[in-house]
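J.: Sharing a structure below in structure tokens format, with a few things to ask.
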Amino acid sequence: MDSTIEAIIQECEQQGLLFLGCTDLKYPRDVEFFEKWLAEGKHGELRYLENHLSIRKNPEHLFPSAKSALILGLPYALNDLGDSPRVAQYARFVDYHRWFKKKVHALVSPFLEAGSFRVLVDSAPVLERALAAKTAHGFIGKNTLFIHPKFGSFLLLAEVLTIREFRPDTPPTIQADRKTTAGGCGPCQLCQVACPTGALVDAYSIDSTKCLSYWTIEQRGTIPEKFWPWLEQYYFGCDLCQLACPYNLKAPAPPVDWEKKTYPALPAVASMDAAQYEKFFGGTPMTRAKREGLRRNALIAMAVTRDPALESALSSIRPEDPPVLHQTAEQIRAFLSAPTSTTVAPKGKP
Ligand code: B12
């Protein structure tokens, strides 16, 4: 093995990161898969995925003369699920985008010449899972996540594009549709069954417009009522398809120096002003949903759990607040007055 790679692997181990492997930058089958996924509209309103297609298809367009990608993983499995309604596990730390990128940059800098590499952490139009699955250390599962056969899927991905031509890992031997000791899903459908909203009906191909992460993190407008019952369990993101996966039984713990976060209870989130928002959520991945998105989600979670503080939270909505909050309040009033609204949100696993 190349001595630089050996040194990087050792450093990763010491710092609680996973070195997943090394690959070239070509992934023609994945590009085909991606274009089909877009054509099927499975990205919903995530229009940014339609941009920069030439880079997404050819990562070397991002960093001309790049020859290889080193793929690193940041484990984030937590043993406690947190209180319901909860937030996805990756969001219970300071924002990984900045933290992980800085960490990887510092980690590889002693081994790679300045200017000869670029670190990406969900920060460029690159198919990160496609690159990861080209290493010899994992596969894409039916829940569409990159799964390491030993460490599972509770890991975030970073790529180091470099002009150094490292020897790519031997082509991956894991076939997702066959379960062997090396990995793969085989006939297992636990994630598909666990997804309460049918986003994984087609194995290996998520329908974002049915995914709770999409609605609670990415979508800026109102959330259709049919998705509300599950906000009792998660009001930001969702881990149900990961929690169901047998590969996650022994998922490793996060690095000790990655700061964990705790968040206030729903009533405080639902009515927070700009200063409180900054204090509660500044520097965390929760800001992806913006203040109005988090308030919207918290109001819905309070409505479905019949939180006694709901009325007071609703009255915190000011005329100048964004329309989505007024529209959500209207939806909530209709929801609570409809005869079917006595239906309680499902308990435990949907
Ligand atoms: C858009 C996006 C979302 C969308 C769409 C999800 C999706 N599955 O695509 C939404 C908002 C729903 C989402 C949710 C989540 N996301 Co997200 N998301 C992304 C983002 C920005 C782009 C993904 C993308 O391009 N999707 C389009 C699809 C078609 O591409 P793809 O799934 O990556 O698959 C490609 C290849 O793997 C391959 N492929 C996949 N399956 C198959 C099968 C066959 C037969 C073939 C040939 C090829 C193939 O083809 C595809 C195109 O190249 C990436 C970061 C990035 N830049 O890659 C993070 C990323 C995928 N998200 C991540 C995470 C952590 C999550 C959540 C767990 C967060 C949460 N707890 O709420 C959930 C998980 C939901 C789920 N089951 O996917 C991590 C996943 C890490 C991992 N272990 O896989 C990523 C990689 C960010 C990171 N840097 O770590 N996400």
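The values are calculated or read from the model by the stated rules, or taken from the named source; none is laboratory data. Computed from a predicted model, the values in this text were never measured in an experiment. Backbone-built Cβ (ideal geometry, glycine too); neighbour counts: all protein chains shown. Just so you know, the surface numbers come from the protein's heavy atoms only, side chains and all, with ligands and any DNA or RNA stripped out. Shrake-Rupley method; radii C 1.70, N 1.55, O 1.52, S 1.80 Å.
J.: Read through the list (1) over 30 Å from Thr135 (Cα atoms); (2) more than 16 Å from the ligand (Cβ to nearest atom), then give the number of the only condition that Ala182 fails.
T.: (1)
J.: Still on this structure, please answer the following. For residues in region 202-218 being of a type in the set (A, V, I, L, M) and either open to solvent by 30 Å² or more (accessible area, probe 1.4 Å) or part of a loop (DSSP other than H, G, I, E, B) (or both), which is farthest from the ligand (Cβ to nearest atom)?
T.: Of region 202-218, the ones of a type in the set (A, V, I, L, M) are 203, 206, 212, 217.
Next cut, either open to solvent by 30 Å² or more (accessible area, probe 1.4 Å) or part of a loop (DSSP other than H, G, I, E, B) (or both) only: 203, 206.
On the way: Ala203: 9, Ile206: 4 Å.
Per the stated criteria, the residue is Ala203.
J.: Counting only residues that are farther than 30 Å from His105 by Cβ and open to solvent by less than 80 Å² (accessible area, probe 1.4 Å), how many does region 155-201 have?
T.: Keep residues of region 155-201 that are farther than 30 Å from His105 by Cβ, which gives 173, 175-182, 184-201.
Narrowing the set further to residues that are open to solvent by less than 80 Å² (accessible area, probe 1.4 Å) leaves 176, 180, 182, 184-186, 188, 191-192, 194-200.
Count: 16.
J.: Suppose the filter is among the hydroxyl-bearing types (Ser, Thr, Tyr), out of contact with any helix residue (DSSP H, G or I) (no Cβ under 8 Å at 6 or more places or on another chain) and closer than 18 Å to Leu72 by Cβ; does Thr23 pass it?
T.: Working: among the hydroxyl-bearing types (Ser, Thr, Tyr): yes; out of contact with any helix residue (DSSP H, G or I) (no Cβ under 8 Å at 6 or more places or on another chain): no; closer than 18 Å to Leu72 by Cβ: yes.
No: the conditions fail for Thr23.
J.: Across region 112-149, which residue is nearest to the chain's Cα centre (by Cα) among those that are of a type in the set (Asp, Glu) and in a loop (DSSP other than H, G, I, E, B)?
T.: Narrowing region 112-149 to residues of a type in the set (Asp, Glu): 113, 122, 128.
After this cut, where a residue has to be in a loop (DSSP other than H, G, I, E, B) as well, the list is 113, 122.
Numbers: Glu113: 31, Asp122: 10 Å.
Per the stated criteria, the residue is Asp122.
J.: Gly283 fails exactly one of the following numbered conditions: (1) more than 17 Å from Lys261 (Cβ to Cβ); (2) in contact (Cβ under 8 Å) with a residue 12 or more places away in the chain; (3) open to solvent by 10 Å² or more (accessible area, probe 1.4 Å). What is the number of that condition?
T.: For Gly283, the failing item is (1).
J.: Tell me which of these Gly152 doesn't satisfy, since it passes every other one: (1) in contact with a Lys or Arg (Cβ under 8 Å, 6 or more places away or on another chain); (2) open to solvent by 10 Å² or more (accessible area, probe 1.4 Å); (3) near the ligand (Cβ under 10 Å from one of its atoms).
T.: That leaves (2) as the condition not met.
J.: Of all residues in region 78-103, which are more than 11 Å from the ligand (Cβ to nearest atom), of a type in the set (A, V, I, L, M) and at pLDDT 95 or above?
T.: The one that is more than 11 Å from the ligand (Cβ to nearest atom), of a type in the set (A, V, I, L, M) and at pLDDT 95 or above: Val94.
J.: Taking the conditions exactly as written (over 19 Å from the mean Cα position of the chain (by Cα) and either farther than 26 Å from Glu35 by Cβ or near the ligand (Cβ under 8 Å from one of its atoms) (or both)), does Arg167 satisfy them or not? Talk me through it step by step, then tell me what you get.
T.: Numbers: over 19 Å from the mean Cα position of the chain (by Cα): yes; either farther than 26 Å from Glu35 by Cβ or near the ligand (Cβ under 8 Å from one of its atoms) (or both): yes.
Judged against the criteria, Arg167 is a match.
J.: Quick check: anything in region 20-43 within 12 Å of the ligand (Cβ to nearest atom), within 30 Å of Tyr263 (Cα to Cα), open to solvent by less than 60 Å² (accessible area, probe 1.4 Å) and out of contact with any strand residue (DSSP E or B) (no Cβ under 7 Å at 6 or more places or on another chain)?
T.: Yes, the conditions are met somewhere in region 20-43.
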